[in-house]
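Enquirer: Here it is: the structure, laid out below.
The values are calculated or read from the model by the stated rules, or taken from the named source; none is laboratory data. Here the structure is a predicted model, which means the values were calculated and not measured. Note that each Cβ is placed from the backbone with ideal geometry, even for glycine, and that neighbours are counted across all protein chains shown. Surface accessibility is based on the protein's heavy atoms, side chains included, excluding ligands, DNA and RNA. Shrake-Rupley method; radii C 1.70, N 1.55, O 1.52, S 1.80 Å.
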Amino acid sequence: MPTPAQTERITEDRTALERILSGPVQLLPLLPALAHALDDPSLLEPELRVDPALSLEPEGGWTDEQRARARELALDALEQLRDHGPAAGGARHTHPAMEWLTGTELGASYVPMLHEELGLEGQDLRAPDWTKADLAPDRVMRVAIIGAGMSGILAAHRLDQAGIDVVVLEKNPGVGGTWLENTYPGCRVDVSNHVYCYSFMQKADWPEYHSSQRVLLQYFDDCVDAWGIRELIRFETEVTAVVWDDQQLRWTLELDTGTGEETLQADAVISAVGQLNRPRYPDIEGRDSFEGVAFHSARWNHDVDFEGARVAVIGTGCSAMQLIPHLARSGAEVTIYQRTPNWLVPRPEYQQQLPDELLWLFDHVPHYANWFRLRLFWRSHEGLLPRLEVDPEWAQPIEHSVSESSAELRGLLELYLHAEFDDRPDLLEQVMPDYPVGAKRFVLDDGIWAETLKRDNVTLETTPIERITATGIHTVDGVDHPADVLVYGTGFQASSFLTPMKVVGRDGLDLHQSWGGDARAYLGIVSPGFPNFFYLYGPNTNIVINGSIIYFSECEVHYVTRYLRHLLEHGHRALDVKREVHDRYNEWIDEGNLRMAWGVSSVNSWYKTNGGRVAQNWPFSLIEYWEQTRELDPGDYHVID
């Protein structure tokens, strides 16, 4: 897998370079890349530094004059790079270049965190700095990882680097998790692909800005082979129960191999089962009475011929809005049953291939892809988060907006909906949300949603469903809607962490009973009573505003490696997080979520448990989670020996 650092020699003349820079490229991250390559910080002119108030704009809110100046600087720099090649010493300017790119004075913690994300020179700054052979060569330590999706293979790689005996238990026949299981038409990542990849395994030549399921699955397959960890994975092996032994101080895992049941013992267990893997079906009367073909988007039936079929799609979340346009183009008669409309974020490049000009720059400018990625990383979370915070003095109703900047953002997204639907006021009324921006996950749109809803063979139905019948759907207004195929685009049981797996900890404590339908964890990673048991993508580690969950997984896995290192260094068998530490942390999390749009709004969302608590989302900055997971504090734990 090529890295962004591998570049080709520039041979183009000035006219060709001008043509490249006039294409759909991003100049903002190009200048730091060129400043680094040429050891020339003068390219980062103060007049071009990002205005934090405009950080969400594609080029940081540059005027036409600023953009022209940036293009001129880049053109001269490309010629210098062509004629003289890269210069040494550019890395010393990385910190000021980061501040120039983000428009922010970066504190002591931000700099190393962003260095990790930048990943210059193919560096793997998050790799373990220890091995078991150095700390406890004679000790036996086996770690079982449940799941070979994005987080599971990351954990396997890191522990393998540290020399830990690892086994990965995967219920599917291949790796990839959600990207293996979701094969519906239109399935793609709704985060920019240059962010949705490992910081130490960056890929410049993604075919699209937001790649399809097949491309993502291939990426994770390639990572497994590049790291040499495929032999650590036991496929088609499902973990049905994990039970702690108070005498042996080990976990026993009960396995269903498809050909029989067996057990396996481990000193530690990492649950990497994810949140978006168990389909959620709506609680609608008569769901089992439908006599046509019915299936969930995550269990797509590829044998169905939709040509001329009457198709009912329940749900308008991210998956449904990706697959519905494909059904509409297949010749089917599609009726969409919408409970809550989504805020659409305009992303013209959502389904576009990367332009040749951008790929050329990735190929010829050292580390441009890294800086391009860092700009997306900052813009997609840290730049947007403040706009979703609740202002206690804000006079508008909470269900409209939560602050002045929230109202401004709402106004921009309302303008987009008007631009898309003003010619159809009936549809505009149906698609306009009545909750604050950020209360539910955004949906990216390149115009395809309006185009689809305006088709003659598509109907958007917002009348609530009363029941499902043998022949279709009956709405509360007494109308029967016949259907041949019923597709559930109703998401996942995201709040039902680790189900249906049984987990029993110290003194017979049942994890699901202790949670009572309201999952909580310290750092989203550990729970009291369950020593040496870790969650990846656990409670309150979801990112609402289109940041990459891979960042969180990297932080979590780093923390797990520090935990295991502590066990080996000090000769402990196990640690159990203190109840008061866990509870105090979750009080802080709850308070944080209640200061965000998704915490105060009453709109339905998968972020919340049945009791109304936000069990999914991380309400703070990314740097705060990075800081919390740098090192293990022994004072947070009881020692079990």
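Enquirer: Just one of the numbered conditions (1) in contact (Cβ under 8 Å) with a residue 40 or more places away in the chain; (2) part of a helix (DSSP H, G or I); (3) in contact with a Pro (Cβ under 8 Å, 6 or more places away or on another chain) is not true of residue 236; which one?
Expert: (2)
Enquirer: Among the candidates 49, 67, 71, single out the residue that is over 30 Å from residue 408 (Cα atoms), among the charged types (D, E, K, R) and touching a residue at least 12 places away in the same chain (Cβ under 8 Å).
Expert: Only one candidate passes the filter, namely 71.
Enquirer: Among (1) touching a Lys or Arg at 6+ places or on another chain (Cβ under 9 Å); (2) at negative phi; (3) surrounded by 19 or more Cβ atoms within 10 Å (Cβ to Cβ), which single condition is residue 499 missing?
Expert: So residue 499 meets the others, but not (3).
Enquirer: What tally of residues in segment 207-232 results from selecting those that are over 16 Å from residue 187 (Cβ atoms) and not charged (D, E, K, R)?
Expert: 7
Enquirer: Restricting attention to segment 547-563, does a residue exist that is modelled with pLDDT of 95 or more and farther than 17 Å from residue 200 by Cβ?
Expert: Yes, because at least one residue in segment 547-563 is modelled with pLDDT of 95 or more and farther than 17 Å from residue 200 by Cβ.
Enquirer: Only one residue in 623, 589 is open to solvent by 10 Å² or more (accessible area, probe 1.4 Å), in a helix (DSSP H, G or I), among the hydrophobic types (A, V, I, L, M, F, W, C) and in contact (Cβ under 8 Å) with a residue 24 or more places away in the chain, so which one is that?
Expert: Residue meeting the stated conditions: 623.
Enquirer: Return yes when residue 250 is under 26 Å from the mean Cα position of the chain (by Cα), modelled with pLDDT of 95 or more and charged (D, E, K, R) and no when it is not.
Expert: The answer is no for residue 250.
Enquirer: Are any residues in segment 97-110 of a type in the set (Asp, Glu) and either surrounded by 15 or more Cβ atoms within 10 Å (Cβ to Cβ) or touching a strand residue (DSSP E or B) at 6+ places or on another chain (Cβ under 8 Å) (or both), and if so, which ones?
Expert: Result: 99, single match.
Listed here are the residues, each with its yes/no results for (1) open to solvent by less than 40 Å² (accessible area, probe 1.4 Å); (2) touching a residue at least 24 places away in the same chain (Cβ under 8 Å); (3) basic (Lys, Arg).
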position	(1), (2), (3)
88	no, yes, no
95	no, no, no
141	yes, yes, no
149	yes, yes, no
164	yes, yes, no
181	yes, yes, no
189	yes, yes, no
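Enquirer: Step by step: first the residues of segment 198-232, then only those that are part of a helix (DSSP H, G or I) and in contact with a strand residue (DSSP E or B) (Cβ under 7 Å, 6 or more places away or on another chain), then the one that is farthest from residue 161 (Cα to Cα). Which residue is that?
Expert: 213
Enquirer: Based on what the data block shows, is residue 58 open to solvent by 20 Å² or more (accessible area, probe 1.4 Å) and within 30 Å of residue 220 (Cβ to Cβ)?
Expert: It is true that residue 58 is open to solvent by 20 Å² or more (accessible area, probe 1.4 Å) and within 30 Å of residue 220 (Cβ to Cβ).
Enquirer: Being within 22 Å of residue 36 (Cα to Cα) and β-branched (Val, Ile, Thr) is the filter here, so list the residues in segment 49-88 that pass it.
Expert: The one that is within 22 Å of residue 36 (Cα to Cα) and β-branched (Val, Ile, Thr): 50.
Enquirer: Considering only residues that are at pLDDT 95 or above and either farther than 22 Å from residue 78 by Cα or outside any helix (DSSP H, G or I) (or both), which ones fall in segment 43-65?
Expert: Of everything in segment 43-65, those that are at pLDDT 95 or above and either farther than 22 Å from residue 78 by Cα or outside any helix (DSSP H, G or I) (or both) turn out to be 44, 45.
Enquirer: Going by what's in this entry, would residue 553 be described as touching a residue at least 12 places away in the same chain (Cβ under 8 Å) and either within 20 Å of residue 245 (Cβ to Cβ) or in a loop (DSSP other than H, G, I, E, B) (or both)?
Expert: no
Enquirer: While we're looking at this one, here's another question. For segment 242-312, list the strands (runs of 3 or more DSSP E) that sit wholly inside it and hold at least 2 residues that are within 16 Å of residue 498 (Cα to Cα); which are they?
Expert: 250-256, 268-271
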